[in-house]
1. Tally up the residues in the stretch 48-92 that are out of contact with any Lys or Arg (no Cβ under 8 Å at 6 or more places or on another chain) and aliphatic (A, V, I, L, M), please.
2. Where the second residue is of a type in the set (Lys, Arg) and the first is exposed (fewer than 14 other Cβ atoms within 10 Å of the Cβ) and lies in the stretch 177-191, which pairs have Cβ atoms under 9 Å and are six or more apart or on separate chains?
3. If you take the residues of the stretch 81-98 that are touching a residue at least 12 places away in the same chain (Cβ under 8 Å) and assigned to a helix (DSSP H, G or I), which of them is nearest to residue 224 (Cα to Cα)?
4. What number of residues in the stretch 110-122 are open to solvent by 50 Å² or more (accessible area, probe 1.4 Å) and in contact (Cβ under 8 Å) with a residue 40 or more places away in the chain?
5. Here is a check on your reading of the model: is residue 138 more than 19 Å from residue 50 (Cβ to Cβ) and surrounded by fewer than 17 Cβ atoms within 10 Å (Cβ to Cβ)?
6. Exactly one of (1) at pLDDT below 95; (2) open to solvent by 20 Å² or more (accessible area, probe 1.4 Å) is unmet by residue 222. Its number?
7. Identify, from the list 148, 130, the residue that is among the polar types (S, T, N, Q) and open to solvent by less than 20 Å² (accessible area, probe 1.4 Å).
8. Given the residues 111, 125, 101, which is the only one that is within 24 Å of residue 172 (Cα to Cα), in contact with a strand residue (DSSP E or B) (Cβ under 8 Å, 6 or more places away or on another chain) and not acidic (Asp, Glu)?
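The values are calculated or read from the model by the stated rules, or taken from the named source; none is laboratory data. Model, not experiment: these values are computed from the prediction. Quick reminder, even Gly has a Cβ in these numbers, built from the backbone with ideal geometry, and neighbours come from all protein chains shown. Accessible surface is based on the protein model in full, side chains and every heavy atom, while ligands, DNA and RNA are left aside. Shrake-Rupley method; radii C 1.70, N 1.55, O 1.52, S 1.80 Å.
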Amino acid sequence: MSVPTTRQPVTTPSSAADAPVAEVEIPGLPRERSLTLERGLALLQAVAEAQSDAPTISELATAIRVSRAAVYRLLGPLQARGLVRREGSRVRLGLGLLTLAGNVLPQVRLAALPALRELAERTGATAHITVADGEEAQVVAVVEPSWTVFHVSYRVGYRHPARQGAAGRAIDLPADRPWVFSSGEIQEGAHGVAAPVRGVPGLRASVGVVAMRAVDEATVGPLTVSAAEAVSAALT
C-alpha cells in the first residue's frame with residue numbers, strides 16, 4: 001500500500017474539527033489537486049462526525065477551517081458521486097457510501113483467508129473471522145480443516161449478539177487480554193477461542209476457532225492471536 005509523503009510534519013487530529021486540513025502531497029497529483037482532495041475527504045469526515053444530524057454549510061466550514069464558498073465547491077464532486085446530499089443549507093451522508101461499504105467485507109474476507117486456512121489446519125477446528133455490526137457480530141469468512149474426521153460447519157453471514165461467544169466478546173477485548181475462551185454460550189456443546197484484530201482503523205473484528213470438543217486454550221489461544229495479527233498485517 002503506497003503511503004502519501006508529507007510536505008511537513010503533521011500532527012494527526014482526533015477529529016475533523018480539531019485542526020486545519022494538513023497539506024499532504026500525494027505522488028502523481030499536482031499540489032493544488034492534492035490539497036483539494038485532502039479537503040474533500042476532511043469535509044466528508046466532518047459530515048460523518050457532526051454532532052448534529054445534518055450539519056450546516058457554516059458548521060462544516062468551521063469544522064475544516066475553510067470558507068463557505070470552498071465548502072460549496074467541495075460538495076459538488078461528493079454530491080455527484082452520491083457520497084453526500086444537500087437539504088437546503090444542511091448536508092447529510094449519501095447512499096453512495098453504502099456501495100463503498102458493501103465492498104469492504106469482501107476485501108476483509110480475501111485478506112483473512114490465508115491466516116484462517118493455516119489456523120484451521122493447525123488446530124483441527126473451524127476457523128473464522130467475525131466483524132462487529134452495531135450490537136451484533138457477523139461471521140464474514142470461514143475455513144474448515146481438511147484432515148479431520150468431523151468438524152463444525154459454521155455459516156458465513158451468521159449473526160449473534162456482539163457480547164456473546166468467544167468471537168463476539170473478543171472484538172472489544174482489553175489490551176491486557178490476548179484472547180478469550182467460551183463454552184456453550186451460543187451453541188450447546190460448542191467451544192471457542194478468539195482473539196481481537198487490532199490496529200486496523202475502523203475495523204472491530206476477531207479471529208477464532210470453534211469446535212464440538214474440548215479446546216486446549218493454552219495451545220490454541222496463541223495461535224488465534226498470531227492469526228489475528230496476520231489478518232491485521234494483511235489489511236494495513
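1. Of the residues in the stretch 48-92, 9 are out of contact with any Lys or Arg (no Cβ under 8 Å at 6 or more places or on another chain) and aliphatic (A, V, I, L, M).
2. 189/213
3. First, pick out the residues of the stretch 81-98 that are touching a residue at least 12 places away in the same chain (Cβ under 8 Å): 81-84, 87, 89-97.
Subset that is assigned to a helix (DSSP H, G or I): 96-97.
Working: 96: 35, 97: 32 Å.
Ranking the candidates gives 97 first.
4. The total comes to 3.
5. Judged against the criteria, residue 138 is not a match.
6. Result: residue 222 passes all but (1).
7. Working: 148 fails: open to solvent by less than 20 Å² (accessible area, probe 1.4 Å).
Every option except 130 fails the conditions.
8. Values: 111 fails: in contact with a strand residue (DSSP E or B) (Cβ under 8 Å, 6 or more places away or on another chain); 101 fails: in contact with a strand residue (DSSP E or B) (Cβ under 8 Å, 6 or more places away or on another chain).
Matching residue, one of 111, 125, 101: 125.
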